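Here is the structure we will look at.
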Ligand code: SAM
Ligand code: DTB
Ligand code: SF4
């Protein structure tokens, strides 16, 4: 049953695994309709957040995440590069803002960051500059502790992306160089520093339906709930252990998006990696079911994304408009 948590903050609702299963197993159109209704209760019906993603440090990562082309352990097409300079990043961030993005997300292929490391200092300097542009600033730099999290917040980060990626049980099948609990500890540090958490996962790695729902169960237990939830479909990257995974069934994706929307009504649900393989109609169904954020730009970190012209045309055809920065749900006050 639903349990109200907290008395000082707005009430949040914890959804159990069996409730998630019941939601997910509804007849398809009932599920999609419920997702739509929950979405309309909390969000402007026609707004989609446009996020630009930039890989500021590509490849050469020590970790062995089985889906990732940036791991140094696999022979992929990705070459290791050094950390980009602030000016170069700033120029791209300015262009992203001119193109209508309201969130700028910078990703680094690192196991994590340490206070005192000159590269971390360099990233803090970059964030200070990017945050002056008025977009939401998100970074994904791997593991950190409270010290680094506080510094990132002070520099101007609004959200930290750190995905749990799948269920706790399936996680060790995909990654051996760090644990699911390591991921949770980083997320806790981000929350303790007062940053928003962007946390979601990947489907299509060989996990079961129950793994996907267990992942959602973990996300619904976050306190506070994640500000945004990226749902990535695996981009099967040549050279990685998961290179031969078949594509995700689109109706399974829509079911998961609707279930996420219902379980986490106030989170932005981001239709993330894998959009390049979805038809316009499939994407429209994802938006209808409750997705309200996308990565906007021809490239994700290393993999393909739909072109900006195609995305602009799709938004026009569906009468969707970009969500302004720092938008929040109807029942939440911006701080
Ligand atoms: N190194 C940091 C980390 O692991 O948190 C930040 C970058 S990492 C590439 C960010 C996220 O991208 C991963 O957690 C995963 O969800 C997603 N991702 C990476 N490769 C992917 C792929 N091939 N397909 C779909 N999502 C992917
Ligand atoms: C997230 O959940 N998806 C983005 C972002 N957070 C960093 C990354 C997708 C990466 C897709 C594979 C690639 O580009 O290498
Ligand atoms: Fe490294 Fe992140 Fe890729 Fe894992 S997902 S190999 S930690 S860049």
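What to note about this one:
- Scanning segment 226-235 for residues that are within 10 Å of ligand 2 (Cβ to nearest atom) and either at pLDDT below 95 or out of contact with any helix residue (DSSP H, G or I) (no Cβ under 9 Å at 6 or more places or on another chain) (or both) gives 228, 230, 232, 234.
- Per-region count, segment 60-79, residues surrounded by fewer than 20 Cβ atoms within 10 Å (Cβ to Cβ), within 13 Å of ligand 3 (Cβ to nearest atom) and either free of Cβ contacts under 8 Å to residues at least 24 places away in the same chain or within 20 Å of residue 297 (Cα to Cα) (or both): 2
- When 256, 320, 234 are checked against the criterion of being within 21 Å of residue 212 (Cβ to Cβ), surrounded by fewer than 24 Cβ atoms within 10 Å (Cβ to Cβ) and touching a strand residue (DSSP E or B) at 6+ places or on another chain (Cβ under 7 Å), a single residue qualifies: 234.
- Residue that is surrounded by the most Cβ atoms within 10 Å (Cβ to Cβ) [pool: residues in segment 259-286 that are in contact with a strand residue (DSSP E or B) (Cβ under 9 Å, 6 or more places away or on another chain) and part of a helix (DSSP H, G or I)]: 260
- Hits in segment 129-154 - residues which are surrounded by fewer than 18 Cβ atoms within 10 Å (Cβ to Cβ) and under 20 Å from residue 296 (Cα atoms): 131, 133, 134
- Qualifying residue in segment 169-181 (condition: surrounded by fewer than 23 Cβ atoms within 10 Å (Cβ to Cβ) and away from ligand 3 (no atom under 16 Å from the Cβ)): yes
- Unique match (being touching a strand residue (DSSP E or B) at 6+ places or on another chain (Cβ under 8 Å) and more than 16 Å from ligand 1 (Cβ to nearest atom)) among 174, 164, 127, 92: 92
- Within segment 139-168, residues that are within 30 Å of residue 206 (Cβ to Cβ) have Cβ atoms under 7 Å from residues that are modelled with pLDDT under 95 and part of a strand (DSSP E or B) in these pairs: 159/136, counting only partners at least 6 apart in sequence or on another chain.
- Residues within segment 294-311 that are within 21 Å of the chain's Cα centre (by Cα) and either away from ligand 3 (no atom under 16 Å from the Cβ) or not in a loop (DSSP other than H, G, I, E, B) (or both), tallied: 12
- Residue match in segment 163-176 (condition: at pLDDT 95 or above, part of a loop (DSSP other than H, G, I, E, B) and more than 29 Å from residue 224 (Cβ to Cβ)): yes
- 3 or more residues touching a residue at least 60 places away in the same chain (Cβ under 8 Å): qualifying strands (runs of 3 or more DSSP E) within segment 183-246: 228-233
- Annotation note: Cβ proximity below 6 Å between a residue of segment 262-287 that is over 20 Å from residue 136 (Cβ atoms) and touching a residue at least 12 places away in the same chain (Cβ under 8 Å) and a residue that is away from ligand 2 (no atom under 16 Å from the Cβ) and in a loop (DSSP other than H, G, I, E, B) (sequence gap 6+ or interchain) occurs for 263/15; 284/318.
- Matching residues in segment 199-217 - criterion: being within 16 Å of residue 248 (Cα to Cα) and either touching a strand residue (DSSP E or B) at 6+ places or on another chain (Cβ under 8 Å) or within 15 Å of ligand 2 (Cβ to nearest atom) (or both): 201, 202, 203, 204, 205, 212
- Flag for residue 289 being farther than 26 Å from residue 185 by Cβ and crowded, with 24+ Cβ neighbours inside 10 Å: yes
- Any hit, segment 101-117, residues being more than 21 Å from the chain's Cα centre (by Cα), buried (at least 23 other Cβ atoms within 10 Å of the Cβ) and within 15 Å of ligand 2 (Cβ to nearest atom): no
- Given (1) in contact with a strand residue (DSSP E or B) (Cβ under 9 Å, 6 or more places away or on another chain); (2) in contact (Cβ under 8 Å) with a residue 60 or more places away in the chain; (3) within 11 Å of ligand 1 (Cβ to nearest atom), number of the condition residue 52 does not satisfy: (3)
The values are calculated or read from the model by the stated rules, or taken from the named source; none is laboratory data. Model, not experiment: these values are computed from the prediction. Using ideal geometry, Cβ is built from the backbone for each residue, glycine included, and neighbour counts are taken over all protein chains shown.
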